[in-house]
Amino acid sequence: DRRNLIVTDMTELLEAHTKRDRAEHESRIKDEFLALLGHELRNPLGAIGAAAQVLKLTHAEGKPEARAHDVIARQVDYITHLIDDLLDIERVNAGKIRLTRQPFDLAEVVLRAAATFTADTRLDRHIDVTAEPVWVDGDAVRVEQVLTNILTNAVKYTPPGGRIRLALRADGADAVLSVEDSGFGISPSLLPFIFDMYVQADQTLDRSRGGLGIGLALVRRLVELHGGSVTASSEGEGHGSTFTVRLKAMPSTETSSGLSSPSEGRVKQRRVLLIEDNAEARETLRTMLQLSGHVVYDAGSGPRGVELLTAVRPHVGIIAVSRPGPDGYEVARRIREKPQGRGMLLLALTADSAPGGSMHTSGHGFDHHLVQPVDQDHLARLITGAVEGS
């Protein structure tokens with residue numbers, strides 16, 4: 001009677017499983033930390049941005065208060081842009097970004113993105129724009145983000161008085177977008193790594209111009225998600241640089257892309273129910289809405305907001321979905337159950353900028369979601385849309 005004893009050393013397998021579990025745990029911790037960081041930063045930025053808007057609405061242009069508003073608003077936009085880039089690059093690397101694709105005329109996006117820079121006279125840069133109609137299939141919001149990041153980079157590294165040329169053209173089956181500047185240029189040793197994480201184009205120049213070094217890395221990731229490519233070229237330091245994006249073009253269509261701004265109707269006074277536990281954010285947003293001509297009823301808790309619903313019969317409800325107590329989604333559900341709440345416009349106020357956020361809120365009774373700091377023009381258009389649809 002023979003018996004065989006087989007001994008297998010499982011040490012390496014167990015170690016591999018342990019390392020994998022540890023890596024997954026660390027990845028989850030990082031994701032949770034970044035989500036919390038974004039939330040904690042966006043809340044005060046939302047209050048600061050709303051307060052700046054109040055300054056703009058209450059003080060004539062040219063006064064010190066109006067100039068203070070411009071500084072605050074510009075810095076809020078800059079910090080918000082950094083937060084968005086940081087969170088987006090992590091989502092891209094984790095495969096969590098999903099594109100919302102549809103056909104659109106890339107020229108519209110180019111002109112809109114460029115207008116943000118050309119309208120700012122403080123930049124003191126000559127920006128030339130030429131854009132012929134070229135249709136692509138992609139996510140217009142993400143493509144505009146790509147272009148904005150490239151233009152921001154060009155402005156950062158082009159001294160006052162310099163020139164930036166933005167051009168869009170069709171090249172066979174491709175849409176070719178190029179941004180050429182007369183700035184500091186890129187050294188040959190750095191050029192191959194310019195799209196890598198945490199690389200800054202001015203490593204040998206003035207460090208005060210540096211950022212997080214993630215803007216161009218995000219550009220490459222987003223372009224690749226569209227099936228396109230992005231390249232950088234430069235004759236060296238002091239000779240400027242050119243960034244070129246190629247996307248797959250498609251036959252033009254007469255169908256409206258839906259990207260043009262809605263016509264601005266006459267603003268009518270609306271009753272707005274604001275539910276926000278953060279006192280400062282609630283006060284500044286309420287003041288901003290009141291200065292825009294609306295009647296605002298605010299509540300610091302969900303139950304109080306639901307109580308006000310029957311009494312004031314609001315046209316619009318703005319609800320912070322991260323508030324304590326009854327969750328904002330539950331508050332929205334309760335409002336929708338009331339006869340007065342079935343036809344009103346419900347807006348979710350959130351610090352979550354993830355693309356899935358809007359889908360998540362729409363599944364809980366909300367019509368739209370607003371990311372802090374709130375885009376004042378976007379909010380005004382939503383309220384105007386509710387007026388026109390009523």
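The values are calculated or read from the model by the stated rules, or taken from the named source; none is laboratory data. Computed from a predicted structure; not experimentally measured. Because the Cβ atoms are built from the backbone with ideal geometry, glycine has one as well, and the counts that use them run over all protein chains shown. These accessible areas exclude ligands, DNA and RNA; they are computed on the full protein's heavy atoms, side chains included. Shrake-Rupley method; radii C 1.70, N 1.55, O 1.52, S 1.80 Å.
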Show the residue pairs that are 6+ apart or on different chains and have beta-carbon atoms under 9 Å apart, the first residue being within segment 227-244 and part of a loop (DSSP other than H, G, I, E, B), the second being surrounded by fewer than 16 Cβ atoms within 10 Å (Cβ to Cβ) and at pLDDT 95 or above.
-> 227/248; 228/248
Does residue 88 qualify as being farther than 14 Å from residue 249 by Cβ, among the charged types (D, E, K, R) and open to solvent by less than 50 Å² (accessible area, probe 1.4 Å)?
-> yes
Exactly one of (1) without any contact (Cβ under 8 Å) to a residue 60 or more places away in the chain; (2) not in a helix (DSSP H, G or I) is unmet by residue 144. Its number?
-> (2)
Residue check, residue 316 surrounded by 17 or more Cβ atoms within 10 Å (Cβ to Cβ), among the β-branched types (Val, Ile, Thr), in contact (Cβ under 8 Å) with a residue 60 or more places away in the chain and out of contact with any Pro (no Cβ under 7 Å at 6 or more places or on another chain) = yes
All conditions in (1) surrounded by fewer than 20 Cβ atoms within 10 Å (Cβ to Cβ); (2) out of contact with any Lys or Arg (no Cβ under 9 Å at 6 or more places or on another chain); (3) at pLDDT 85 or above are true of residue 96 except (3)
Tabulated pairs, segment 175-191, first open to solvent by less than 20 Å² (accessible area, probe 1.4 Å), second modelled with pLDDT of 90 or more and of a type in the set (D, E, K, R), C-beta under 6 angstrom, 6+ apart or interchain | 176/169; 176/246
Before we move on, is residue 285 free of Cβ contacts under 8 Å to residues at least 60 places away in the same chain, under 28 Å from the mean Cα position of the chain (by Cα) and crowded, with 20+ Cβ neighbours inside 10 Å?
-> no
The residue from 68, 50 that alone is within 30 Å of residue 281 (Cα to Cα), modelled with pLDDT under 70 and open to solvent by less than 80 Å² (accessible area, probe 1.4 Å) is 68
Exception for residue 128 within (1) assigned to a loop (DSSP other than H, G, I, E, B); (2) loosely packed, with under 15 Cβ neighbours inside 10 Å falls at (1)
Can you find even one residue in segment 163-174 that is in a loop (DSSP other than H, G, I, E, B), out of contact with any Lys or Arg (no Cβ under 8 Å at 6 or more places or on another chain), of a type outside the set (S, T, N, Q) and modelled with pLDDT under 90?
-> no
Could you list all residues from segment 192-202 that are modelled with pLDDT under 70 and either loosely packed, with under 13 Cβ neighbours inside 10 Å or on the phi > 0 side of the Ramachandran plot (or both)?
-> 198
Residues in segment 111-121 that are more than 23 Å from residue 214 (Cβ to Cβ) and either touching a residue at least 40 places away in the same chain (Cβ under 8 Å) or surrounded by 15 or more Cβ atoms within 10 Å (Cβ to Cβ) (or both) total 3
